[in-house]
Amino acid sequence: MIEDGPESTMQRWQAHAAEATLFARPEGSPLLEAEVAGACLQLLERTNPYGAPPGPARILVDAEATVAEVAPDAEGPELRVPRRGAVAGVGRLLERDGDVVAVDAGAPLLLRLADGALSEAPLGTWIRFEAAPPLHAFVLPPAVPPPPLTGREVDEAV
């Protein structure tokens, strides 16, 4: 299912935002690199490329699963990057809404599943997943807005 828009996805799934560190990028670029649970993800930003400065942030990582299967032998969460722009890992099912599930793989992420995939798996089940590029990111606004800039922050002579 395609979301109604970035705002509806952020509203619906904000409880499953991951803590991330955003890296610097060319101005206005939709490609966002972020460290999430020790993995460096390359993401297509779906919100505002001017509103996500480098540093700590809360993001929704949203991926189209190419593999999603029960992993009864899982020993714990895992999040890794098998190739540029992709993600794979092991995690617990946290929440389901139609063909979208939230998974805790050391950090929460959203997986969009093929019709009926994991439909019989109860919440709390360990799953193994893979997702191909592009991975999407929704950068949530900070809980407390930063103070307004005074102009002195960029004055290198101070």
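The values are calculated or read from the model by the stated rules, or taken from the named source; none is laboratory data. Note that this is a predicted model, so its numbers are computed, not measured. FYI the Cβ positions are ideal-geometry reconstructions off the backbone, even for glycines, and counts take in every protein chain you see.
Cβ-Cβ contacts under 8 Å between residues 6 or more apart (or on different chains), taken from a first residue in region 27-38 that is farther than 15 Å from Ala86 by Cβ and modelled with pLDDT under 90 to a second residue that is among the charged types (D, E, K, R) and part of a strand (DSSP E or B), are listed as Pro30/Glu45.
In this structure, Ala74 qualifies as in contact with a Phe, Trp or Tyr (Cβ under 9 Å, 6 or more places away or on another chain), in contact (Cβ under 8 Å) with a residue 40 or more places away in the chain and under 14 Å from Ile127 (Cα atoms). Counting only residues that are in contact with a Pro (Cβ under 9 Å, 6 or more places away or on another chain) and among the β-branched types (Val, Ile, Thr), region 104-131 holds 1 of them. Could we say that Glu45 is within 22 Å of Arg128 (Cα to Cα) and either of a type in the set (Lys, Arg) or in contact (Cβ under 8 Å) with a residue 12 or more places away in the chain (or both) here? No, not satisfied.
Which one of Leu94, Leu113 is surrounded by 10 or more Cβ atoms within 10 Å (Cβ to Cβ), touching a helix residue (DSSP H, G or I) at 6+ places or on another chain (Cβ under 9 Å), on the phi < 0 side of the Ramachandran plot and in contact (Cβ under 8 Å) with a residue 24 or more places away in the chain? Unique residue meeting the criteria: Leu94. Test Glu120 against the stated conditions and say whether it is in contact (Cβ under 8 Å) with a residue 12 or more places away in the chain and either touching a Gly at 6+ places or on another chain (Cβ under 8 Å) or not polar (S, T, N, Q) (or both). Taking the combined requirement at face value, the residue does not satisfy it.
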